[in-house]
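Enquirer: This is the structure I have questions about; it appears just below.
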Amino acid sequence: MLDRDGYRPNVGIVIVNSNNEVFWGKRIREHSWQFPQGGIKQGESPEQAMYRELYEEVGLRPEHVRVLARTRDWLRYDVPKHWIKREWRSTYRGQKQIWFLLRLVGRDTDISLRASGHPEFDAWRWTDFWVPLESVIEFKRGVYRLALNELADMLFHGDLQSRPRAYALDAAGV
């Protein structure tokens with residue numbers, strides 16, 4: 001399901017623990033790390049998709065998390081042409097995402113990377129709030145920066161003392 005501009009609706013999920021560290025998942029059989037994310041199915045709201053993806057990718061149920069915030073608008077990124085299947089190159093541009101910030105209220109042991117028949121991750125860790133910007137695949141960095149900056153404002157309530165070092169937006173807004 002693509003919008004008229006060629007973007008697939010998607011959700012991104014940032015899970016924080018009690019130390020405001022973020023869940024960081026290693027893609028299965030790859031050397032790349034990312035936040036949980038996934039497509040929104042026809043007839044599904046972004047929140048419904050978030051809970052479905054949360055369970056499918058990390059095994060967490062609604063009772064294991066508390067929703068703290070979500071981005072106000074869609075955040076978009078383009079996928080490089082060489083990553084797009086040939087038959088989709090004329091219509092698919094990338095992803096548009098609503099990002100959710102969740103607080104883990106369960107335990108680390110509630111996390112299960114094998115909750116579904118199609119695991120996305122084969123390892124995970126808690127990491128500093130801003131580390132994902134340095135290590136996510138390059139074409140996703142702009143959307144990660146936008147999402148983390150917006151969600152950090154909500155997480156730390158403008159308290160500059162407790163907020164981790166922020167990454168400034170560049171002139172293009174990414």
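The values are calculated or read from the model by the stated rules, or taken from the named source; none is laboratory data. What you see is a predicted model; the values in this text were computed from it and never measured. So basically every Cβ, Gly included, is an ideal-geometry build from the backbone, and we count neighbours across all protein chains shown. Areas reflect the complete protein model, heavy atoms only, side chains present, ligands, DNA and RNA absent. Shrake-Rupley method; radii C 1.70, N 1.55, O 1.52, S 1.80 Å.
Enquirer: Can you pull the one-decimal nm distance between simple spin-label points at Arg66 and Ser90, each 7 Å off the Cα toward Cβ?
Expert: 5.2
Enquirer: Let me ask you something else. Could you give the length gained on full extension between Arg4 and Asp73, defined as 0.36 nm per residue of separation minus the Cα-Cα distance, in nm?
Expert: 23.2 nm
Enquirer: I would also like to ask the following. Sequence-distant or interchain residues sharing an amide H contact under 5 Å with Gly6, placed H: which?
Expert: none
Enquirer: Could you report the stretch 63-127's accessible area per residue, 1.4 Å probe, as an integer in Å²? Display every interim value, and only then the final one.
Expert: Numbers: 4110 Å² over 65 residues.
Per residue, the stretch 63-127 has an accessible area of 63 Å².
Enquirer: What's the carbon and sulfur percent of the chain's accessible surface, probe 1.4 angstrom, rounded to a whole number?
Expert: 48
Enquirer: Multiply the residue gap between His82 and His31 by 0.36 nm, knock off their C-alpha separation, and tell me the result in nm, one decimal place.
Expert: That works out to 16.5 nm of additional length.
Enquirer: Could you give the length gained by full extension between Phe156 and Asn19, i.e. 0.36 nm per residue of separation minus their alpha carbon distance, to one decimal place?
Expert: In short, 48.1 nm is gained.
Enquirer: Rank-order 93-105, 52-64 by packing density, defined as the average count of other C-beta atoms within 10 Å over each peptide's residues, highest first.
Expert: Final packing ranking: 93-105, 52-64.
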